[in-house]
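The structure under discussion appears below in the form of structure tokens.
The values are calculated or read from the model by the stated rules, or taken from the named source; none is laboratory data. Given the structure is predicted, the values throughout are model-derived calculations rather than measurements. Don't worry about glycine lacking a Cβ; one is built from the backbone with ideal geometry, like all the others, and counts go over all protein chains shown. Ligands, DNA and RNA are excluded from the accessible area calculation, which covers all protein heavy atoms including side chains. Shrake-Rupley method; radii C 1.70, N 1.55, O 1.52, S 1.80 Å.
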Amino acid sequence: MKKLIHVLNINDFFPELFALTFPTIQAYAERHGFEINLITERKFSDYPINYEKMQVFEDGKGAYLNMLCDADMLIHPQFPDVKDIVDPKNVAFNDNYNISHKYYADRIPYFVRDGRDVGIATNFVVTSNLTHDLWEPLPLTPQQISNFAIPNNDEPGEWNRGWGHYADEFALSFNLAKYGLKYQGICPEDWQRPYLIHVGTGDTEKSLRIAKETLTQWATLK
């Protein structure tokens with residue numbers, strides 16, 4: 001039973017933080033029999049860099065489970081094998097929001113037909129061979145997709161934050177709606193949520209501090 005963990009780390013992104021987070025991902029993979037696919041090269045150069053997560057569609061073909069784990073995630077040693085958590089008929093993710101808060105979902109037929117208004121946060125996403133369609137690259141150009149993004153007047157730019165920053169989240173949310181995939185949380189038990197920590201990268205000093213403090217705390221609990 002092939003199980004893959006995909007980690008996006010192009011251009012040696014935030015190496016000081018990666019040196020703290022990646023060993024926890026590696027240890028998790030070793031404990032539960034996952035192979036790691038480290039994505040280090042671009043294949044969708046016309047799109048924002050986070051859209052490279054769609055490489056999972058090709059890289060993960062033939063695997064029973066595919067897990068996308070952000071490079072700024074910490075995984076506690078006691079976090080269980082997601083195979084034992086996720087119903088193979090479901091997509092699973094760590095967090096979600098209303099897609100209509102970032103995109104004009106009422107202009108996209110798949111979102112209208114689906115009606116659930118689900119936006120997937122892509123820091124930790126799990127699919128099985130039954131739900132692999134979630135990773136399908138979009139049949140839309142970057143410009144076509146950017147036209148659906150709700151402008152963010154607080155952060156103007158060539159790519160507004162709604163599309164450029166959330167390219168991967170739009171894509172997975174689009175496919176969830178397109179294929180009508182069922183979904184679930186990745187932490188069904190309350191005790192599990194503190195075992196998956198999305199450190200974030202917005203403030204480098206704060207991110208490193210959070211990562212170091214978390215690892216120190218976990219070490220004392222072993």
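Run through segment 47-86 and list the trypsin sites (Lys or Arg not before Pro) located in a DSSP loop whose Cβ has at most 12 other Cβ atoms within 10 Å.
Sparse-neighbourhood loop trypsin sites (Lys or Arg not before Pro): 61.
For the chain, report the accessible area per residue in Å² (1.4 Å probe, heavy atoms, rounded to an integer).
In whole numbers, the chain has 49 Å² accessible per residue.
For the chain, give the percent of accessible area contributed by carbon and sulfur heavy atoms, probe 1.4 Å, rounded to a whole number.
Carbon with sulfur: 48 percent of the solvent-accessible area.
On alpha carbon coordinates alone, what is the Rg over Rh value for the chain, Rh being the Kirkwood radius? Mind showing how you got there, number by number?
Details: Rg = 17.1 Å, Rh = 18.0 Å.
Rg/Rh: 0.95.
May I ask for the angle, rounded to the nearest 10°, between helix 167-178 and the longest principal axis of the chain, with both axes built from Cα atoms and the value confined to 0 to 90°?
Result, in degrees: 70.
Can you list the residues, at least 5 places off or on another chain, whose amide H is less than 5 Å from the amide H of residue 118, using H built in the peptide plane?
Under 5 Å from the amide H of residue 118: 99.
Rounded to whole Hz and in sequence order, give me ³J(HN,Hα) for segment 6-20 from the Karplus expression 6.51 cos²θ - 1.76 cosθ + 1.60, θ = phi - 60°, writing x for Gly and Pro.
9, 10, 8, 8, 9, 6, 6, 4, 6, x, 5, 6, 4, 5, 8
Among the listed pairs 43/212; 2/182; 83/178; 43/102; 43/83, give every one whose C-alpha distance is greater than 27 Å.
43/212; 43/83
Residues with amide H under 5 Å of residue 6's amide H, sequence separation 5 or more or different chain, H placed in the peptide plane at 1.01 Å from N; which?
The answer is 37, 67, 68, 69.
Within the chain, which is the longest segment that contains none of the GluC sites (Glu not before Pro) sitting in a DSSP loop with at most 11 other Cβ atoms within 10 Å?
42-157
Of the beta bridges DSSP finds with both residues in the chain, what % are antiparallel, to the nearest 5?
Of all bridge pairs located within the chain, approximately 55 percent are antiparallel.
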